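Below is one structure, written out as structure tokens, with a few remarks after it.
The values are calculated or read from the model by the stated rules, or taken from the named source; none is laboratory data. Remember, it's a predicted structure, so these values are computed and weren't measured experimentally. In this analysis, Cβ positions are derived from the backbone assuming ideal geometry, glycine residues included, and neighbour counts consider all displayed protein chains.
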Amino acid sequence: MGNNSTATQLSFKVIIIGPGAVGKTSLLNRFIHNEFTLKYKLTIGVDFLTKTIEYAPEKFVKLHIWDIGGQEKFKFLHRSFYEGAFGALVVFDLSRHQTFSNMKEWLSEMRSLVINDIPSIIIGNKSDLIPEIGQIIDRSEVEEYAKKEGCLYIETSAKNGDNVEKAFLELTTRMTKKMGKLVSKSKEES
């Protein structure tokens, strides 16, 4: 049948947020380019990347991903960065407990600035470090928090690629389901 579905292709703005140095840019580079580097580069404000993915057989969606810098000094820009987002990946670092508390603040801020409740996935990144440093963060605490917030929780490793694609695909599936519900609702109302 070919790729004729691009004419009616869905397109979503996705934000990836969380404290500084938790691996947001590394997750994106793994997902978009299948690359990883140990050289840390601070994201100043926001970076944009786009990728079209096949989320179901013959069904494609274009993701416009906004990688939002985690530094406190850019906080005043968040409202404009969040505007129009239809999905969010909220990231913390499994090797640094403080980033879990900070991630909660990011999720709370996002929800206060984004009008509609958008599909969100909480990501515990750097799972590759657990074997050498041990379990720093109680998984059940994170899972309980995610459930309470109506989010899925996924542990990833940008370094070795574990669950990175799964996180983006899961978010995409949730966004398309929500879009389907919104389209059905608007048809019922008209």
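With the condition being basic (K, R) and either under 27 Å from M179 (Cβ atoms) or free of Cβ contacts under 8 Å to residues at least 60 places away in the same chain (or both), I'd like the helices (runs of 4 or more DSSP H) fully within the range 66-141 carrying at least 1 qualifying residues.
Ranges flagged: 78-82, 97-113.
Let me confirm something: among A158, A146, A167, which residue is assigned to a loop (DSSP other than H, G, I, E, B), within 15 Å of the chain's Cα centre (by Cα), under 26 Å from G69 (Cβ atoms) and modelled with pLDDT of 95 or more?
Of A158, A146, A167, the one residue that is assigned to a loop (DSSP other than H, G, I, E, B), within 15 Å of the chain's Cα centre (by Cα), under 26 Å from G69 (Cβ atoms) and modelled with pLDDT of 95 or more is A158.
Taking I123 and the conditions (1) at pLDDT below 90; (2) among the hydrophobic types (A, V, I, L, M, F, W, C); (3) within 16 Å of L171 (Cα to Cα), which numbered condition does it fall short on, given that it satisfies the others?
Here I123 clears every test but (1).
Go through (1) part of a helix (DSSP H, G or I); (2) modelled with pLDDT under 90 one by one and return the number of the condition R30 breaks.
Against the list (1) part of a helix (DSSP H, G or I); (2) modelled with pLDDT under 90, R30 comes up short only on (2).
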